[in-house]
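Derivation of every value follows stated rules applied to the coordinates shown; laboratory data play no part. The shown structure was predicted, so the numbers you read here are calculated from the model rather than taken from an experiment. In this analysis, Cβ positions are derived from the backbone assuming ideal geometry, glycine residues included, and neighbour counts consider all displayed protein chains.
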Amino acid sequence: MRHTVFIQSLAEAFLQEVAGKKQPSILEEVEAFQKIWQQTPVFRDALMGRVSLAGRLTVLRTITEKHLSITAQNLLAILLRQQALNDLAAFLDKARHLRIDRGLGREVTATVVKSLQTAERKHLQQSLEKMMTMPITLREQIDSEIIGGLRLDSRDWSWDATVQHRLQRLIQQLRVS
């Protein structure tokens with residue numbers, strides 16, 4: 001990654017300039033853009049080709065204006081101007097690390113069999129915020145293979161209380177015995 005200092009500076013500026021409550025949703029928007037960026041060579045070519053910077057900015061704005069907030073669009077435009085769109089993953093990683101380091105928030109993914117009810121989601125989020133002493137952005141992921149229970153994953157920890165995990169542990173114990 002050739003833009004290390006730039007990415008660090010951009011992440012720092014993002015945390016200073018964007019309201020704390022808006023940061024998680026903007027990071028999610030940029031992450032969604034990054035997935036498309038990685039999976040669509042034609043899209044990358046249109047933004048990295050030999051077209052003028054003004055032309056590439058117009059293409060970016062046209063593609064993103066209906067799907068991303070103006071803040072996310074401007075963030076991507078800054079990265080495009082610095083020829084750093086290939087470093088989107090590094091920016092997301094740095095911004096999330098800085099949010100955690102500064103106690104601004106943490107993202108947690110709850111993997112469940114079916115969608116949590118509003119009261120369950122609220123209780124889980126409040127419990128996690130109390131335990132971690134910082135705001136939590138709770139994402140939900142549906143996975144029928146876990147059979148039941150719940151798995152929580154964050155950047156640097158995981159907690160697995162799924163039926164699938166318990167069955168796997170039981171099978172391992174039976175094999176050892």
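Tell me yes or no: at least one residue of the range 92-103 is out of contact with any helix residue (DSSP H, G or I) (no Cβ under 7 Å at 6 or more places or on another chain) and within 18 Å of Asp160 (Cα to Cα).
No: the range 92-103 contains no residue that is out of contact with any helix residue (DSSP H, G or I) (no Cβ under 7 Å at 6 or more places or on another chain) and within 18 Å of Asp160 (Cα to Cα).
Regarding Glu145, is this residue part of a helix (DSSP H, G or I) and surrounded by 15 or more Cβ atoms within 10 Å (Cβ to Cβ)?
Taking the combined requirement at face value, the residue does not satisfy it.
Out of Arg155, Arg121, Arg139, report the one residue that is in contact with a strand residue (DSSP E or B) (Cβ under 9 Å, 6 or more places away or on another chain) and either among the β-branched types (Val, Ile, Thr) or surrounded by 15 or more Cβ atoms within 10 Å (Cβ to Cβ) (or both).
Of the residues listed, the single one that is in contact with a strand residue (DSSP E or B) (Cβ under 9 Å, 6 or more places away or on another chain) and either among the β-branched types (Val, Ile, Thr) or surrounded by 15 or more Cβ atoms within 10 Å (Cβ to Cβ) (or both) is Arg121.
Test Thr137 against the stated conditions and say whether it is of a type in the set (Val, Ile, Thr) and on the phi > 0 side of the Ramachandran plot.
no
Looking for something part of a loop (DSSP other than H, G, I, E, B) and under 30 Å from Leu53 (Cβ atoms) - is there at least one such residue anywhere in the range 115-135?
No.
Residue by residue through the range 1-24, note down the ones that are assigned to a helix (DSSP H, G or I), in contact (Cβ under 8 Å) with a residue 60 or more places away in the chain and surrounded by fewer than 13 Cβ atoms within 10 Å (Cβ to Cβ).
Matches in the range 1-24: Thr4 only.
Give the residue that is nearest to Leu98 (Cα to Cα), with candidates limited to residues of the range 151-161 that are touching a helix residue (DSSP H, G or I) at 6+ places or on another chain (Cβ under 8 Å) and either of a type in the set (Ser, Thr, Tyr) or part of a strand (DSSP E or B) (or both).
Filtering the range 151-161 for residues that are touching a helix residue (DSSP H, G or I) at 6+ places or on another chain (Cβ under 8 Å) and either of a type in the set (Ser, Thr, Tyr) or part of a strand (DSSP E or B) (or both), the one nearest to Leu98 (Cα to Cα) comes out as Leu152.
A quick yes/no check of all residues on (1) basic (Lys, Arg); (2) touching a residue at least 40 places away in the same chain (Cβ under 8 Å); (3) closer than 18 Å to Lys22 by Cβ:
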residue: Arg50; (1), (2), (3): yes, no, no
residue: Arg56; (1), (2), (3): yes, no, no
residue: Arg61; (1), (2), (3): yes, no, no
residue: Lys66; (1), (2), (3): yes, no, no
residue: Asn74; (1), (2), (3): no, no, yes
residue: Leu80; (1), (2), (3): no, no, no
residue: Asp87; (1), (2), (3): no, yes, no
residue: Ala90; (1), (2), (3): no, yes, no
residue: Ile100; (1), (2), (3): no, yes, yes
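Given the structure, is Leu60 surrounded by 16 or more Cβ atoms within 10 Å (Cβ to Cβ), more than 15 Å from the chain's Cα centre (by Cα), farther than 15 Å from Leu92 by Cα and not acidic (Asp, Glu)?
So Leu60 passes the test.
Suppose we filter the range 29-60 for residues that are closer than 24 Å to Arg96 by Cβ and in contact with a Lys or Arg (Cβ under 9 Å, 6 or more places away or on another chain); how many remain?
3
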